[in-house]
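Q: Just dropping this structure here.
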Amino acid sequence: MAINLYVFVKLGATQRYSFVTLDDGDYIIEDGVTKKMIVRLIDKNLDGSVDYLHQIIRDESGNDIRDVIDYDFDGQTDFRIEFKDGNGYTWHENAWRRFFYEKDTKQWHIKLDGKKVLLTKDNSLMVKWHGQLFGKR
């Protein structure tokens, strides 16, 4: 059973945002008008502490600008998609690395020191997003 709390936030004109708490440790802040998610916080092990942050940044018109994820809630964004240029990036070795998908091999890669690095289940860069594996674990 979800508990709905309503928080009023002023962004230009007053808009209502609803804060939804779900039983499985999933907390979602959504736009009260469009019902689009703004922020999602997850307590993965249900110990009472947030372990995961997912945020979608939008412009004033409601268009998606950036999708960001902090997988371990340490303040360092681990993964982002820039909707303007259509690229995805993962934070690895103190730098943002663009990842890309090769349709012919059906594999995800990043570039490290000019070399293409395959992202596999054994690679320490792996994450799962929308059913695909890539990025940083």
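The values are calculated or read from the model by the stated rules, or taken from the named source; none is laboratory data. In this text the structure is predicted, and so the values were computed from the model without any measurement. Glycine gets a Cβ as well: all are built from the backbone with ideal geometry, and neighbour counts include every protein chain shown.
Q: Where in segment 28-99 are there strands (runs of 3 or more DSSP E), lying wholly inside it, with at least 2 residues that are of a type in the set (Ser, Thr, Tyr) and surrounded by 13 or more Cβ atoms within 10 Å (Cβ to Cβ)?
A: 87-92
Q: Taking segment 30-65 as the region of interest, how many residues are at pLDDT 85 or above and touching a Leu at 6+ places or on another chain (Cβ under 9 Å)?
A: Counting residues in segment 30-65 that are at pLDDT 85 or above and touching a Leu at 6+ places or on another chain (Cβ under 9 Å) gives 9.
Q: Consider Tyr17 carefully, then state whether it is modelled with pLDDT of 70 or more, touching a strand residue (DSSP E or B) at 6+ places or on another chain (Cβ under 6 Å), among the aromatic types (Phe, Trp, Tyr) and surrounded by 13 or more Cβ atoms within 10 Å (Cβ to Cβ). So that I can check it myself, show each step before the final result.
A: On the way: modelled with pLDDT of 70 or more: no; touching a strand residue (DSSP E or B) at 6+ places or on another chain (Cβ under 6 Å): yes; among the aromatic types (Phe, Trp, Tyr): yes; surrounded by 13 or more Cβ atoms within 10 Å (Cβ to Cβ): yes.
Considered against the rule, which asks whether it is modelled with pLDDT of 70 or more, touching a strand residue (DSSP E or B) at 6+ places or on another chain (Cβ under 6 Å), among the aromatic types (Phe, Trp, Tyr) and surrounded by 13 or more Cβ atoms within 10 Å (Cβ to Cβ), Tyr17 comes out as no.
Q: Confirm whether Tyr89 is modelled with pLDDT of 50 or more and under 14 Å from Phe79 (Cβ atoms).
A: Taking the combined requirement at face value, the residue satisfies it.
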